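Visitor: Okay, handing you the structure first.
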Amino acid sequence: MESVKDNHSLFFGDTGYVLYQSQQIPDNFNWCFTAVKSSRDQNEFGQVMEEVVNDSEFDAFADNLGTLVWGAANPAFTAGVEVAKYTVSTVSKILQEAGDEQVGILYMSLNRNQHYLHGERKKDDVPDLSGNLHIDYSIFAVS
């Protein structure tokens with residue numbers, strides 16, 4: 001996004017953005033939000049995402065994913081967390097090599113019993129890991 005300044009609010013349209021879609025409300029939901037300061041244009045930034053699967057460590061990660069989730073109490077949840085961690089760390093590495101700067105990052109793992117029992121969750125002013133961002137979000141689901 002262009003011209004973002006301190007205390008700027010970003011909106012994902014008046015209806016939000018679908019992060020996950022299925023026939024049922026999931027028992028677990030993982031997401032991460034990364035804000036990056038970059039001099040690249042949007043097309044160049046899209047190429048960064050393509051570089052994730054072309055990263056030299058991707059095949060090793062994919063091969064080891066089964067080992068990481070083997071015996072886990074909830075393999076789908078564990079896999080989701082590991083994929084998110086790998087993707088964000090790889091994107092961060094690629095951006096830093098090009099001189100781009102990560103401004104903020106938020107990892108979140110939610111489970112239905114604790115966080116969205118009836119398919120809804122709304123939180124405001126959630127600090128990210130860097131302390132640079134405060135995020136307001138809502139999750140809504142129906143089945």
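Visitor: Are there any pairs with C-beta distances below 6 angstrom linking a residue in region 1-23 that is closer than 29 Å to Gly119 by Cα to a residue that is of a type outside the set (Ser, Thr, Tyr) and open to solvent by less than 100 Å² (accessible area, probe 1.4 Å), with the two at least 6 apart or on different chains, and if so which?
Guide: Leu19/Trp31
Visitor: Can you give me the number of residues within region 5-36 that are under 25 Å from Val103 (Cα atoms) and open to solvent by less than 60 Å² (accessible area, probe 1.4 Å)?
Guide: 10
Visitor: I would also like to ask the following. Restricting to region 131-143, name every residue that is without any contact (Cβ under 8 Å) to a residue 60 or more places away in the chain and either touching a His at 6+ places or on another chain (Cβ under 9 Å) or surrounded by 13 or more Cβ atoms within 10 Å (Cβ to Cβ) (or both).
Guide: Scanning region 131-143 gives His134, Tyr137.
Visitor: Now a separate question. Take the conditions open to solvent by less than 60 Å² (accessible area, probe 1.4 Å) and among the acidic types (Asp, Glu) and apply them to Asp128. Does it pass?
Guide: Yes, satisfied.
Visitor: State yes or no: is Val53 open to solvent by less than 40 Å² (accessible area, probe 1.4 Å) and modelled with pLDDT under 85?
Guide: Values: open to solvent by less than 40 Å² (accessible area, probe 1.4 Å): no; modelled with pLDDT under 85: yes.
Against the criterion (open to solvent by less than 40 Å² (accessible area, probe 1.4 Å) and modelled with pLDDT under 85), Val53 does not qualify.
Visitor: Additional query: Only one of these conditions is not met by Thr67: (1) exposed (fewer than 11 other Cβ atoms within 10 Å of the Cβ); (2) at pLDDT below 75. Which number is it?
Guide: All conditions are met except number (2).
Visitor: I've got another one for you. Could you grab the pairs with beta carbons closer than 8 Å, sequence gap of 6+ or different chains, first residue in region 96-117 and farther than 21 Å from Val81 by Cβ, second one exposed (fewer than 15 other Cβ atoms within 10 Å of the Cβ)?
Guide: Gly99/Ser39; Asp100/Lys37; Asp100/Ser39; Glu101/Lys37; Val103/Lys37; Val103/Ser130; Val103/Asn132
The values are calculated or read from the model by the stated rules, or taken from the named source; none is laboratory data. Model, not experiment: these values are computed from the prediction. FYI the Cβ positions are ideal-geometry reconstructions off the backbone, even for glycines, and counts take in every protein chain you see. To get the accessible areas, we keep the full protein, side chains included, count just its heavy atoms, and leave off ligands, DNA and RNA. Shrake-Rupley method; radii C 1.70, N 1.55, O 1.52, S 1.80 Å.
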